[in-house]
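Let me begin by presenting the structure, written as structure tokens, before commenting on it.
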Amino acid sequence: MRYDPPLHKTQGLFPLILAAGALLVYPLIFEATYFRHLMILAFVFAIVATNWDLSLGYAGLFNFGHVALFAVGIYTYAILAKTLGVSPWLAILAGGGTATIVALLIALPVLRLDGIYVILVTIALSQLIYLVVISWSDVTGGTSGMVTLPTLKIGDYRLSNDGRIGYYYVGLGLLFLNIAFLYLLTRSRLGRAIMALRDNKYYAIARGVSEARTRALTLAASALFTGIAGAFYGAYLRVASPDAFGIGFLTLVLSMLLVGGTGTIWGPLIGAFAIAFLSEWLAGFGPWQNIIVALAIILVVVFYPGGLWAALQQLRELADGLRSQSLARLQRHRGKATREAMTGAQERMLQTRFGKIAVADTAPAGGTDKPALLMLHGNSACKEAFHKQFRSFADRYRVIAFDLPGHGVSDNADPEAAYNVNAYAEIAEQVLSDCGVRQVHVFGWSLGGYVALELAARDRVEVTSLAICGTPPLTVVPDDMGRAYVPTAHMVLTAKQYFSRQEARSYGQHATAPLSEASAFLHRAVRRTDGRARAYMMTKLAIVDWPRQMRVLAEGRIPTAILNGNDDPFLNHAYVAGLNYGNLWKGAPQDIQDGKHAPFFNRTDAFDLSYFSFLRHTEGWHSASTTPAAVGTARA
């Protein structure tokens with residue numbers, strides 16, 4: 001199940017355009033040469049840091065020779081542009097090519113090494129390159145380095161003129177190209193192979209990923225723009241110094257990685273700008289500068305091991321939680337009359353240990369002899385998804401439904417405690433207890449189907465019948481997930497925390513129905529849902545006792561019906577049909593023609609007829625099971 005939408009279809013496009021626009025107009029607002037100089041250095045450091053993250057963060061390869069590749073780019077530019085008289089622009093490109101070749105040479109001894117051995121070998125090789133540069137003093141200038149390197153020109157215009165604005169835009173252009181290169185690379189087949197080796201090396205090798213080839217290509221790819229950045233750095237400062245090989249520069253770039261966060265393009269980018277500006281801002285503190293920077297790095301690493309990028313994600317999660325909770329509270333009061341009119345049921349708020357839960361009940365005061373029917377909605381939906389069934393079944397049944405935590409007008413909740421199948425089943429028990437219900441027919445749709453199965457398996461409420469829809473029962477998780485579901489992008493969206501507008505519409509369309517006047521409220525429910533409810537629900541699958549749920553189906557104590565749309569885009573129907581059922585209505589899962597994932601909504605008449613027939617069948621089954629003949633047979 002791979003979901004990898006292009007950038008323009010994600011929520012990251014607008015912030016990226018905003019940041020790019022700000023960088024483009026920056027030199028027009030801040031005309032001082034110092035401020036432009038600071039940004040140019042930040043561009044260079046960002047390129048080096050993001051490329052080091054390709055090997056360190058994405059590949060998990062502790063390549064501590066990366067800064068040597070930057071120095072190789074500097075000296076390539078110096079030798080070609082100054083000593084040999086090559087065009088400075090060509091020398092910059094050659095810096096990337098030379099660094100790539102050196103990276104391949106570094107890769108040879110570390111192709112089969114891991115951990116500390118990679119660190120030791122790469123540091124040793126970087127020092128070897130340093131000694132070569134120092135020893136080749138006739139060409140490189142030895143310990144004195146090379147000065148007055150050729151500057152960059154476009155025709156007769158020197159990029160250092162006009163407050164270095166030319167260097168600013170060339171550096172910014174290189175940064176943009178570098179980001180595009182890394183973005184495309186990490187989304188490519190090579191990028192997936194790189195991350196597969198990092199996450200599960202031996203499984204990746206068993207699936208045909210070549211460790212040696214992938215490592216070599218990773219180091220080569222990380223060297224290309226690093227060498228170009230080094231050559232540009234030499235052209236900008238007009239100096240090639242062996243200090244670029246030193247521990248100081250290595251520590252600086254590594255701190256950018258750690259502060260920004262590894263395993264992402266954007267983390268090192270943020271870290272590079274943060275460290276560059278912090279260092280310059282503290283320049284007046286003398287010897288305290290390094291101490292303060294070091295303390296800042298330690299604080300970030302200790303309190304946010306994922307770096308500033310992880311801190312930003314945490315702020316984003318907080319903001320999204322406040323947004324969805326505010327929507328719930330606003331709709332709780334403003335739309336109550338509309339929701340009650342849709343379902344014909346009275347809505348009330350029930351206080352639970354997971355927060356306030358919105359409950360719709362056709363007989364809120366009790367005092368009815370109608371059998372109870374509990375309907376459990378799916379992921380990113382709401383109780384009003386069953387508004388047609390409220391109308392269809394209210395004459396014969398007491399219909400009850402509630403919004404899961406983080407859904408509809410229920411409160412958002414603690415994701416660790418509340419957003420899982422076990423907690424949802426506990427809430428269902430409390431709702432039924434509050435309604436005074438001891439026996440209940442249960443229908444669960446999608447995620448609600450698993451909640452229904454768990455409710456029956458817990459055996460704290462007498463479930464007289466069980467019907468599920470869009471819910472393939474599972475025995476072993478995650479193994480059965482791949483067999484029970486069709487691996488599509490829409491399936492991956494079920495666990496995605498943040499939806500773009502297009503993703504929300506796509507998910508709503510496939511989970512329920514295409515956007516229309518009739519289905520608009522379900523699409524709004526997708527956008528209201530606390531995104532953590534999707535993400536945490538998937539991470540908490542392991543805590544569910546899935547075999548116990550399957551035993552409920554296999555033992556046949558509860559009459560069971562499976563009512564799926566024959567064109568459900570999520571389900572593997574062959575898997576569902578092949579499971580062991582002890583008391584399955586009509587002996588097989590029933591398909592609702594053109595019902596898709598929500599047949600109760602898309603084909604209401606056909607679904608209601610099938611479900612009503614099943615409910616009548618269960619009443620007859622229970623009557624037969626309590627006859628004297630049946631009791632005698634059971635005793636025998």
Check your understanding: Are any of the residues in the stretch 464-479 more than 21 Å from the chain's Cα centre (by Cα), open to solvent by 10 Å² or more (accessible area, probe 1.4 Å), assigned by the TED database to the domain that holds Ala511 and over 21 Å from Ala574 (Cβ atoms)?
Key -> yes
Review point. If only one of Leu177, Leu182, Leu149 is part of a helix (DSSP H, G or I), open to solvent by less than 70 Å² (accessible area, probe 1.4 Å) and in contact (Cβ under 8 Å) with a residue 40 or more places away in the chain, which one is it?
Key: Leu182
Study note, to complete from the structure: Selection from the stretch 366-402 of residues closer than 23 Å to Arg524 by Cβ and part of a loop (DSSP other than H, G, I, E, B) yields His377, Gly378, Asn379, Ser380, Ala381, Cys382
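For (1) within 22 Å of Asp605 (Cβ to Cβ); (2) touching a Cys at 6+ places or on another chain (Cβ under 9 Å); (3) not hydrophobic (A, V, I, L, M, F, W, C), each residue gets a yes or a no:
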{"site": "Gly366", "(1), (2), (3)": "no, yes, yes"}
{"site": "Asp369", "(1), (2), (3)": "no, no, yes"}
{"site": "Asn379", "(1), (2), (3)": "no, no, yes"}
{"site": "Arg396", "(1), (2), (3)": "yes, no, yes"}
{"site": "Asp414", "(1), (2), (3)": "no, no, yes"}
{"site": "Tyr419", "(1), (2), (3)": "no, no, yes"}
{"site": "Asn422", "(1), (2), (3)": "no, no, yes"}
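Kindly evaluate Glu416 against the criterion of being of a type outside the set (Phe, Trp, Tyr) and in contact (Cβ under 8 Å) with a residue 60 or more places away in the chain.
yes
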Point to revise | Unique residue being in the same structural domain as Ala518 (by the TED database) and over 20 Å from Leu432 (Cβ atoms) when the list is Ser392, Ser410 | key: Ser392
Review point. Applying the selection to the stretch 112-133, what residues are over 22 Å from Gly73 (Cα atoms) and surrounded by fewer than 14 Cβ atoms within 10 Å (Cβ to Cβ)?
Key: Arg112, Asp114, Gly115, Ile116, Tyr117
Check your understanding: Counting only residues that are among the charged types (D, E, K, R) and touching a residue at least 12 places away in the same chain (Cβ under 8 Å), which one in the stretch 303-328 is farthest from Val526 (Cα to Cα)?
Key -> Arg316
Review point. Within the stretch 337-361, restricting attention to residues that are of a type outside the set (A, V, I, L, M, F, W, C) and outside any strand (DSSP E or B), which residue is least open to solvent (accessible area, probe 1.4 Å)?
Key: Thr343
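The values are calculated or read from the model by the stated rules, or taken from the named source; none is laboratory data. This is a predicted model, so every value here is computed, not measured. Backbone-built Cβ (ideal geometry, glycine too); neighbour counts: all protein chains shown. With ligands, DNA and RNA removed, areas are computed over all heavy atoms of the protein, side chains included. Shrake-Rupley method; radii C 1.70, N 1.55, O 1.52, S 1.80 Å.
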